[in-house]
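Asker: I have a structure I would like to understand better, so I am pasting it below and will then ask my questions one at a time.
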Amino acid sequence: MKRPVPLEQAVAMVPDGAVVMVGGFMGVGSPMRLIDELVRQRRKDLTLISNDTARPGVGVGRLIDAGLVTKVIASHIGTNEVTQQYMLDGRISVELVPQGTLAERIRAGGFGLGGVLTPTGVGTAVADGKQTLEVEGRAYLVETALKADFSFIAAKRADYYGNLEYTLTARNFNPLMAMAAKTTIADSESIVPVGMISPDTVVTPGVLVHVLVGKERAS
């Protein structure tokens, strides 16, 4: 059994300079309470790995607004003008990764692989500085695995073993990121007794969840 911990206590585990994966897609399916608490505690010099940087004031965009991020690894920043301006000003380093490649690099990190081979980006700026291999007459980029110190995960339901159930677009990156971090912190809309979540609907098994966040903040 996992005893849920207060929000403050969970986020206090994250030090300055940490590499943090945050699930979600344009803010949908993102762990908003964990993001807000990270802003409140002012953890800085973070490397953020996420699909995107959402919009100013929304989801991980709040981390950008607060000046807590020094590097972003994402598939795009096109909807967040603050991220764009900070990149142009040299305040943030941005590594843009094709979305499918980003997902595969995270999966590789969670599966203990060194990386993946992909034809995406061959012959483009994406290939700059990267190793290329030829397999059966076709060129592939060697894309290294992505791992993090912490992953922030949003789930629909959790049980007291830490088994997680997701809905809709929350399944895009949350399950992959739950496997690719040293410490996975999950915030669920509800926590139910063991047995209430059907085994068939468990996407992230509790063995991958290190910290389950309770619904109340510590006093």
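Computed from the coordinates by the stated procedures, all read-outs in this text should not be read as laboratory data. Here the structure is a predicted model, which is why all the values come from computation and not from measurement. No Cβ is skipped: glycine too gets one built from the backbone with ideal geometry, and neighbour counts run over all protein chains shown.
Asker: How big is the convex hull of the Cα atoms of the chain, per residue, in Å³?
Answerer: Each residue corresponds to 121 Å³ of Cα convex hull volume.
Asker: A further question on this structure: Using a 7 Å offset from the Cα along the Cα-to-Cβ direction at both residue 182 and residue 42, what is the distance between the two label points in nm, to one decimal?
Answerer: My value for the distance between the label points is 2.5 nm.
Asker: Taking only C-alpha pairs under 8 Å that are 6+ residues apart, what is the relative contact order of the chain in percent?
Answerer: Reported as a whole number, the value is 24 percent.
Asker: If the chain between residue 190 and residue 136 were fully stretched, how many nm would it gain, using 0.36 nm times the residue separation less the Cα-Cα distance?
Answerer: Difference between extended and current length: 14.5 nm.
Asker: Follow-up. How large is ³J(HN,Hα) for each residue in region 22-33, as worked out from phi by the Karplus curve 6.51 cos²θ - 1.76 cosθ + 1.60 (θ = phi - 60°), to whole Hz, x for Gly and Pro?
Answerer: So the J values, rounded to whole Hz, are 10, x, x, 9, 6, x, 6, x, 9, x, 4, 5.
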